[in-house]
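Undergrad: Quick one: the structure is below, and I'll ask about it shortly.
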Amino acid sequence: MDKHSREITVKINGKERPFTTDKPKHIETNVNILEKEKEAEPRPYASFQQKKKKREKRSPITGAFNARIKPAIFSIAMAIMIGTGFGFIVLNVIPKQKAHSPQTLETALPIPMESKNSAKPAAKSANEAAAASFTVSVIQAGVFTDREAASAYARQLQSSSIPVVVVGEKQVALFIAVGNDKQQLQAINEWYKQKAHSTYIKSLSFANINSKRKPVIKAGETLYRKMTSISVILLGKGKVSIEDWKKLENHYQQFRSQTVPNDDDIKRYVSHMKTAYNMLIAYKTNQREELLQKTQQELLEALKSYIAVFPLRS
């Protein structure tokens, strides 16, 4: 009997419990326990819903800002990439293409025969005009509106052994030296500055009147250029080659052989040209500097007569 009086126990959830036919209230079944354990477990869905609600609570201004900033950043990045690519093409690809180009459009196109032929007469006429025109440079010692005042100053210069001529009517100018160009006269201008109040080197260009340019005038122009060149070189303490002296003699013989027309201005021009040549040859023999000043004086007088025939260009 004692053995039957023992309680029968069973293990429920690892715990021994007395076995009875009654269902005590405090004993829970496995099913209920499992359901409670499930209810006690954390619910991820609920946390996700909470996070979603938090996100939905963001400010609408922040959302609009985010919506605009992203396209702006994308546009800036694209602009930088396009600009960099274009710059690379301009700096590297295009110059190489030009460098390897065999010829330009102008060199590739042949020049028409008509244009070649038409260019020759134009160039020829321009060269003829340049050869026909006569230009010289002078050292000017002043310009006066009163001719008497100009003449008085001219006499003062002559007393200082300076060659001078008075040229003009309304505007009276004093020329004290003549050469082929301004650069040639620079060498002697410093010496004249010491004796004249002021000096100015200027170029003279003459009207080209073909009807008055007789053979003696054309030959005289060539001789005049050679005499002015040699006289200025010698005044500047330079040297003249034997070849230049020979050319001077040949030019003079050519000038001397021409017929002189019956014109007082041209006759005076020829006379002064011959005297200037004789003075220059005398200097070659005697080496007296005053002969160079007299040569310049005669060349200035010849220039004055030349201006009477061929007016100065304005």
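The values are calculated or read from the model by the stated rules, or taken from the named source; none is laboratory data. Since we're looking at a predicted model, the values are computed, not measured. Glycine also receives a Cβ, built like all others from the backbone with ideal geometry; neighbour counts cover every protein chain displayed. Side chains included, ligands, DNA and RNA excluded: accessible areas come from the protein's heavy atoms. Shrake-Rupley method; radii C 1.70, N 1.55, O 1.52, S 1.80 Å.
Undergrad: Placing unit charges on C-beta atoms (Lys and Arg positive, Asp and Glu negative, everything else neutral), compute the dipole magnitude of region 245-290 about its Cα centre in debye, rounded to 20.
TA: Here region 245-290 has a charge dipole of around 240 debye.
Undergrad: Rounded, prolate or oblate: which one fits region 147-189, using the alpha carbon gyration tensor with axes a ≥ b ≥ c (rounded when a/c is under 1.5, else prolate when a/b beats b/c, else oblate)?
TA: Oblate shape, in that a/c is at least 1.5 and b/c is the bigger or equal ratio.
Undergrad: At 1.4 Å probe size, put Ser160, Ser231, Ser198 in order of accessible surface, largest to smallest.
TA: The ranking, largest first, comes out as Ser198, Ser160, Ser231.
Undergrad: Continuing with this model, one more query. Keeping all protein chains in the complex and leaving out DNA, RNA and ligands, what accessible area do you get for Met78 with a 1.4 Å probe, in Å² to the nearest 10?
TA: Per-residue accessible area (Met78): approximately 70 Å².
Undergrad: Right, here's the next one. Among the trypsin sites (Lys or Arg not before Pro) in region 178-208, which ones are in a DSSP loop with at most 16 other Cβ atoms within 10 Å of the Cβ? Mind listing them?
TA: Passing sites in region 178-208 are Lys195.
Undergrad: Ok, one more. Give me the percent of the accessible area of region 159-235 that comes from carbon and sulfur atoms, probe 1.4 Å, all protein chains in place.
TA: C and S fraction of accessible area: 48 percent.
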